[in-house]
Every structure is written in C-alpha cells, then in structure tokens.
Amino acid sequence: MQRFYFWPTNPAASIFALWVLSQIFLYAARVPMHRALREVGRLLGGAFRIGARWCRGLAGVASRRDHEMIVEMGKGDTEAKIGREFHRIEGAFAKELARYPDLHRKLDDVVTKVDADFQECATAAPAAPGWTEAVAAVSKMPPNTDGVVRKVLEEIQKSAVAGEKKALQEFREATAKRHKILSSMAPAWKEMQKIATEVARAVSGALEATKRIDGFMTSYEKVRAADKNATRALGWNATQLFVVSLLVMAVALGGAFVNFNLIALPMSELVPSGSRIAGMPVSTVAALVVVLMEIAAGVFAMEMLGITNFFPKLDLVPKSRRRIILVVAVGGLFMLACIEASLAILREQIVESTTALKASLAGVKDHPVAQTAASRIPVIGQAVLGFILPWILAMVAVPLETMISTGGHIVLSAATGLLHGGGMVCRLGGHGMRYLCEAVRHVYDIYIVIPLQIERLVSNGSKPSPVAGVRGQGARP
Amino acid sequence: MNRACFVAAALLAGSCSSGAQYSQAIVALVDVSGTYADQRPEVVNVIRKGVLPRLTPGDTLVVIRIDSESYKKANVEASMTLDVRPSKANAQKLQLASTLEAFSHKQLRSAHTDIRGAMMLGAEYLRESNAGRRTMVIFSDMEEDLPRGVKRDMAADELKGVRVLAMNVKRLGHDNANPTAYRARLAGWEKQLTSHGAREFKVVLEPEKLSDLLDEG
C-alpha cells in the first residue's frame, strides 16, 4: 500500500489524495461502469439460465426414458404373468380334459346302471286277471244249506286264503328285491357325487384363473394406456424391489466375505505360488475365483430352473439340454461345496498348527488355547459352514436379476432428481448473480455519493442524470 | 476384437508380478565378541519370540554372527526363506528355532568386533532376496573394534532401502560414566549408515517393540 503513497512521509495526505483521485475517476467512469456491471450481470444470469434450461431438458429426457422403461417393464411383467396364468390353465385343462372322457364314461356307466336299477325296481309281479272280482262275487253269495254247495264255497274260501297268502308272500319278496336293488344303488350315487365334485373343482379352478387373468388384463390395459396411477404404482414397486434386492445383496456380500475368509488361508496350501496378481497373492485370487464360480453356477442353475432370465438365448435351448446344463450347474455347485468343506477343515488344521508353533516358539509347554481348539466342534462347524455357504450364495442370482432390472429405473430417477436440483441451483445462481451485480452498482454509487450529490446540487434537479437510463435498465427482480 | 484381446492380455500380464517384492527379508546380526557374548541366549529368545512368529510365507530370515572378521560366509548361522505353503513354513520355523537354540549354546567369544563386515554380508543377502521390505536387526553394543589389517569401506548404496534397527544395545562400562559418549556412538552409526543409503536407523530398547516395528516395515 505504501508504494502508492504520493508522500510516504505523510500517509494521511497521500491517502486523502488517492481517495480524491478515485472519486474523480470513478465518477467519470460511472456510466460505462454501470453498463459493464449490467452486462456482466446479464451474462452471468444468462449463463446460469442456460444451465438451468439444460438441466431441465435433461431431467425431462431422463424422466421420459424412465417412464418408457417403467411402462415397458410393467408390460413385460404383466405379459409374463398372463402368460404364466395361461400356461397354468393350459396345464390344468390338459390334465382335467384328459381325464374328462374317463369321467364322462364313468358317469355314463353309473347313470346307465342307476337307470337299469331304477327300471328293475319298478317291475312287480302282475296279479291274475279277474280273480279278485270272482272271489268277491262268491263271498257275496247267500249261505246255502246244501252240503255240496257249502263244500264248494269252503274250497273256494280256502283257495282265496291260500291265494292271499301267496300274493302277500310274493309282494314281500318283490319289495325285498327292490330294497336290495336300491341299496346297491347307493355307491353309484356316491360315485356320481364324487365325480360331480371333481368337475366342480376343476371348473372353479378354471374360473379363478380366468378371474386372475381378467385382473392382469385390466392392469395390462392400464399400463398400455400409460395410466398415471398404474405407472406410479409400477415405479414404486420397482423402487421397493430394488431396496429389498439391495438389502439381500448386502447380506449375500457378507456371506461371500465370510466364505472367502474361510477358504483364503487353506487355498495357499492348494495354490502354492509366490506370484501375485494386481498385488494380491494368487491363492487369494483363487479363493475369490471359487466364490465367484459358486455365484456363476448358481446363476446358471436358477436360469435353468426358470427362476431368472439373464440369458434369453438359453430359453431357446431344448428341454433335454436345459436339464443337462442344470445338472452340470448343480453338480458343480455340489463339488465346490464339498471342496469348501474340506478347505474349512484344512483351515482349522493350519490354525491349530500355527497356534502350536507360536506357543512352541514362545516356550510355552502347555497351551490351553490349542487344546480348546482341538475340539471337534469348530471343525464340524466350519465344514458345515463351508458346505452351506455356496448354496446360499447360489441364490444371489434372484436378487441380482431384480436389482439389475430395477436398477435402470433407480438410476434414471436419481438422475432426474439431481438434474432438477441442478436446474434449481442454476436458477437461484442466475438470480443471485443479477442481484449481486445490482448490489455492486449500488455500492459503487454509495462510494461516489459526494460527487453525485454535488452534481445534483449543480444541476438542481433540472438535468436528468446521465446514468438514469442505465439505472432504469438495472436489476430485474 | 483381436486388438482388444491383445490389450486385455497385456494388462493381465502386466498386473501379474512376483511375490518377492511384497515379502520381507530380515537379517539379524548377533554380536559374539567381548562383553556381548553372554547375551546370546537372550538374543535368540528375542528372535524366537519377536521375529519368527511375524514371518509369513515367502519371507526370508538370515542370522549372521558378528565376530573378529564377519565378512565370511561361515558367519551365517542360519538362513531360510519360508515356503509359500503355510504348513511347510511352520515346519521351517520350528527347524530354524532349533538351529538358533543350538547357536545360543555354542561356546563362542571373539576378540574383536567387525560390525561393518557383518553389515556388508547381510546387505548382500538382503539384495539377493529381492524382498520389498528389507530390515537389518543388530544385536550388539555397537562398539566396533577391527583387527589389524582389516578394512571395511562400505559402498555409497551398500544399505540402500534397508531399515536398520539396533536392538538391545548394551551399554559399556564407560557409557555409564559418560552417557554422551554412548549417544555420540549411536549418532555416529546413524550418520554413517544413512550416508550409505539406509532408509532409517532406529535404536530399540524394549524387545516387545521389535515385532511392531517389523510389522510397520
């Protein structure tokens, strides 16, 4: 500062002279300075506005993409669900309809049998024609003293009594026979009832499936029409799935870490190489590869079971080959699980040996820790853990697929949010810059307030300020 | 496509490296001259408890005796590079421990103390190991006393990249009378060794700290 002093021995006078000079200079340069500040404000505000517009545009693009993706995903999901339902119906119908001719035949047989039994029930022994009337006429005849007539009448009475007895006997026999036929009809009725129940169950199943398909079709139509509520629901569903998959993946990552640590040490016995890859010992890399291979085998197994759909090409593979791949994947997984179990046992042996060595080097004769470790429990526990973890890791394929499929929506949503935020910041920045330049202009005027007041007094308010126009075009709130 | 494969293969090959540069090589120089000769059992104990358990597969340990003329191969009491298999490495450690035990019971006492000769021999072993971390642990009173006619001029980069730890430095009779002389002796060693490329010179008083210092590398 002292360099600018006119009279270094008299700083006060120097500062005063500098102040006067600055007042004169700034007053003279007031108009161009105001214009310059206004232009700078406009330039910065414009730049921020362009930035905000760009952010808004990109956010719109990302949002549209997200919407399209969500709609496509929803369509795909609903189509898959409908397809699955149709597949189920097809299966059920194929099963039920295949059984239907049998059922129908059975039902026909039963009905025929029941009909025949019923017909048989209806048949009764016919009574002798006119016999009853003849007996009634004889019984109405007046009593006669003639012995021959009486004898004849008595014989007729005897015959009538015998006939009645015989008729009663026949009636009883016929009734018993009918009852027997009716009782033999009971199983047929039961069978008919059972068949009818089966048919009813099949029909109700089909009706339920139809209802489900109807629901899916409704949502499919909504998705196709890009209904806002349906799209929002799909988006929320995708977010929910992503969060759940992320949690499961985090847990699986923990499992993979445990698995890796379980086999990393014993792997150095199997892969005895001093070389390193990217700073990591080959044995560690081998352990990592084993863990990744388990995940890969799991992915293929899940793919072949039809649970995931990572590789659409594998859908085209015939069933027999799919079965072969499944067997290979599951077999590989089993082998890896067995290897891990054995490595876990080896690990325990190495740890025991190292503990014993350390104790020996330290000169400790009895090492209780090593004795505790010699118990079978840790060995069995580690072996079981080594066997189970690969199977658990194999299931990572399901959350992995969900995370990948819903990840796009999450990324686009996050990008949209960030871009909206960026746009907002740019807009605020634009306003801020404009007001800042305006504030600088006011500060400028405050600094040269004395010359300005002098100018005002001199002009006495008659002559407009040369920067009035400039001031008028100032800040745009 | 071929070019991409070639680049990927080159990257993979480039990322592969020998494990030696990640391993550790330790040279322990054990003084058997004069007043320090009776310290051997204690020194061996420190190596057994503080150095051996810290070694991992691939590491190297060389034990060199400091006597009247130390720059001889016969002064190497034990030399071992641990196998990469942990089980074999453990067996090697046990074997080395028994070798050191035998060394501690040997009747050895030299008239002179050739520290720099042992250092030069140890530096050669360290260079040969090609290890990433090289440490020289000296168990001595750090009072050099060369026999007549013996010359020890170390090269400027003799101890390049080597960390020197002066362990269990025994104070001599006249050190008690004048501690400044003891300190000046150690400062002189520090100056000399760092001028020959040593990465660091550190005096360690507590044997328990040696393990931590070795881990720090």
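Restricting the range B:84-98 to residues that are among the polar types (S, T, N, Q) and facing chain A (nearest Cβ under 7 Å), which is surrounded by the most Cβ atoms within 10 Å (Cβ to Cβ)?
The extreme case among them is B:Asn90.
Residue-by-condition table, conditions (1) touching a Ser or Thr at 6+ places or on another chain (Cβ under 8 Å); (2) under 30 Å from A:Val396 (Cβ atoms):
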residue	(1), (2)
A:Asn229	no, no
A:Leu247	no, yes
A:Val251	no, yes
A:Phe257	no, yes
A:Ser275	yes, yes
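Surrounded by fewer than 17 Cβ atoms within 10 Å (Cβ to Cβ), more than 25 Å from A:Leu412 (Cα to Cα) and among the β-branched types (Val, Ile, Thr): is that true of A:Val243 in this structure?
Answer is no for this residue.
Tell me which residues, restricted to the range B:24-61, are away from chain A (no Cβ under 14 Å) and in contact with a helix residue (DSSP H, G or I) (Cβ under 7 Å, 6 or more places away or on another chain).
Hits for the range B:24-61 are B:Ile26, B:Val27, B:Ala28, B:Leu29, B:Val30, B:Val32, B:Arg40.
Kindly list, by first and then second residue, each pair from a residue in the range A:225-238 that is surrounded by fewer than 11 Cβ atoms within 10 Å (Cβ to Cβ) to a residue that is in a helix (DSSP H, G or I), limited to pairs with Cβ atoms under 8 Å and residues at least 6 apart or on different chains.
Hits for this filter: A:Asn229/A:Lys222.
A:Val61 - would you say it is more than 30 Å from A:Gly408 (Cα to Cα) and among the aliphatic types (A, V, I, L, M)?
no
Hey, can you tell me all the residues within the range B:159-217 that are touching a strand residue (DSSP E or B) at 6+ places or on another chain (Cβ under 8 Å) and polar (S, T, N, Q)?
If the condition is that a residue be touching a strand residue (DSSP E or B) at 6+ places or on another chain (Cβ under 8 Å) and polar (S, T, N, Q), then B:Asn168, B:Thr194 are the ones that fit.
Could you tell me whether any residue of the range A:329-343 is more than 30 Å from A:Arg376 (Cβ to Cβ) and either surrounded by fewer than 20 Cβ atoms within 10 Å (Cβ to Cβ) or charged (D, E, K, R) (or both)?
Looking through the range A:329-343, none of the residues is more than 30 Å from A:Arg376 (Cβ to Cβ) and either surrounded by fewer than 20 Cβ atoms within 10 Å (Cβ to Cβ) or charged (D, E, K, R) (or both).
Could you tell me which of the residues A:Val243, A:Val285 is assigned to a helix (DSSP H, G or I) and either more than 14 Å from chain B (Cβ to nearest Cβ) or in contact with an Asp or Glu (Cβ under 6 Å, 6 or more places away or on another chain) (or both)? Can you show your working first?
On the way: A:Val285 fails: either more than 14 Å from chain B (Cβ to nearest Cβ) or in contact with an Asp or Glu (Cβ under 6 Å, 6 or more places away or on another chain) (or both).
Testing whether each residue is assigned to a helix (DSSP H, G or I) and either more than 14 Å from chain B (Cβ to nearest Cβ) or in contact with an Asp or Glu (Cβ under 6 Å, 6 or more places away or on another chain) (or both) leaves just A:Val243.
Picking from A:Ile213, A:Ile181, which residue would you name as being in contact with an Asp or Glu (Cβ under 6 Å, 6 or more places away or on another chain), in contact (Cβ under 8 Å) with a residue 40 or more places away in the chain and within 30 Å of A:Arg65 (Cα to Cα)?
Residue meeting the stated conditions: A:Ile213.
Which of the residues belonging to the range B:189-211 are part of a helix (DSSP H, G or I) and within 13 Å of B:Ala166 (Cα to Cα)?
Of everything in the range B:189-211, those that are part of a helix (DSSP H, G or I) and within 13 Å of B:Ala166 (Cα to Cα) turn out to be B:Trp189, B:Glu190, B:Leu193, B:Pro207, B:Lys209, B:Leu210.
State whether the residues of the range B:63-78 include one that is among the β-branched types (Val, Ile, Thr) and within 14 Å of another protein chain (Cβ to nearest Cβ).
The answer is no, given that none of the residues of the range B:63-78 is among the β-branched types (Val, Ile, Thr) and within 14 Å of another protein chain (Cβ to nearest Cβ).
Read-outs: derived from the displayed coordinates by stated rules, not from any lab. Source: prediction; values computed, not measured. We place every Cβ from the backbone using ideal geometry, glycine too, and count neighbours over all the protein chains shown.
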